[in-house]
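Here the structure is laid out as C-alpha cells; the discussion comes afterwards.
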C-alpha cells in the first residue's frame, strides 16, 4: 500500500486504469439493465415493478459501501498518515452522495406501486436519508477544512466525521430486522441461500459489478482532479512567493 | 396500476444522474490536469 503513497506512481496506474474501469462498468450496466428490463421474468407478486431492483440494489450497496470506503480511508489517513487515503476519502464522497440519492429516489418510486406510498418514516428509509445528509455534511466539511494545503486531502476533523458517521451503517443494515418496516428483509446472501430465482438474479449481478466498476472509475477521476488542483495551488503559491 | 411509468422513471433518474456525474468528473479531472501540465511547461 505504501508503494502507492507516491502520487506520481499512483497516477501512472490510475490514468490507464480509469477508461478500462469506466467502459467495462458501462457495458455491464447496459447488459444487466437490458436483461433486467426485458429478459428476466416478472415477479409473481410485484409484477414488473420489481425490475427497479436492478438499479436500486446496486445504488443501496454503493451508498453504504462508499461510506465504508471513506471510513477505511479515514483510518488509514489517521493511523498511517497515507496522503492518498485523505484524497480517496474526499473523492468517494461525490459518487457516494449520488448513489444515496438514487437509492432514495428509486426506492420511493418503487414504493408507490408496491406499498401504495412514496415514503414511510421507517427505520430503513430514515437511516438512508440520514446517510444522505451525512454525505452532504462530509463534503461541506472537507471543502471548508483542508488540513494540509500541500496534500489536498480531507482534514483530520473530516476523517473523524467519516468514522463517527460509520455508526449509521449497521443501523441501515439491521433496520429491517430491528424494527417493523414496509421494506422487505434481506433476500440476497453472499453465503448462499438467496431467495431470488437465478433467472432474476443474473442481471442483478451484472448491474452490481457494473455500477461498482463505474464508481471506482469516478473515484479515480476525482482523485486525479484533486491531485492536479493541489499541484496547481502549490505552484501558484511558489510563484507568488517569487 | 401500470408499473412501467414507475420503472421508466427510476431508470431515467439513475441514468441521468450517472451520465451527469460522469461528465462532471471527467471534465474536472481533464481540465485540472491540463492546467497543471500547462503551468509546469511554463516554468
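The values are calculated or read from the model by the stated rules, or taken from the named source; none is laboratory data. These numbers were taken from a predicted model, which means no experiment stands behind them. Note that each Cβ is placed from the backbone with ideal geometry, even for glycine, and that neighbours are counted across all protein chains shown.
Within the stretch A:85-102, none of the residues are touching a strand residue (DSSP E or B) at 6+ places or on another chain (Cβ under 9 Å) and over 30 Å from residue A:9 (Cα atoms). Applying a threshold of 8 Å to beta carbon distances and a minimum spacing of six or more residues, or different chains, the list of pairs starting in the stretch B:19-43 at a residue that is facing another protein chain (nearest Cβ under 8 Å) and within 15 Å of residue A:223 (Cβ to Cβ) and ending at one that is surrounded by 14 or more Cβ atoms within 10 Å (Cβ to Cβ) and modelled with pLDDT under 85 reads B:36/A:235.
Within the stretch A:227-236, being touching a residue at least 40 places away in the same chain (Cβ under 8 Å) and either outside any helix (DSSP H, G or I) or surrounded by fewer than 24 Cβ atoms within 10 Å (Cβ to Cβ) (or both) holds for A:229, A:230, A:233, A:234.
With the condition kept exactly as written, say whether any residue in the stretch A:80-97 is surrounded by fewer than 23 Cβ atoms within 10 Å (Cβ to Cβ), more than 14 Å from the chain's Cα centre (by Cα) and either at pLDDT 95 or above or not in a helix (DSSP H, G or I) (or both). So far as the stretch A:80-97 goes, yes, one or more of its residues are surrounded by fewer than 23 Cβ atoms within 10 Å (Cβ to Cβ), more than 14 Å from the chain's Cα centre (by Cα) and either at pLDDT 95 or above or not in a helix (DSSP H, G or I) (or both). Being in contact with a helix residue (DSSP H, G or I) (Cβ under 7 Å, 6 or more places away or on another chain), crowded, with 20+ Cβ neighbours inside 10 Å, farther than 21 Å from residue B:17 by Cβ and more than 11 Å from chain B (Cβ to nearest Cβ) holds for only one residue in A:14, A:60, A:40, and it is A:40. With respect to residue A:76, determine if the residue is in contact (Cβ under 8 Å) with a residue 40 or more places away in the chain, surrounded by fewer than 21 Cβ atoms within 10 Å (Cβ to Cβ) and part of a helix (DSSP H, G or I). Yes, satisfied. Within the stretch B:18-39, the set of residues being within 9 Å of the chain's Cα centre (by Cα) and surrounded by 19 or more Cβ atoms within 10 Å (Cβ to Cβ) comprises B:18, B:21, B:25.
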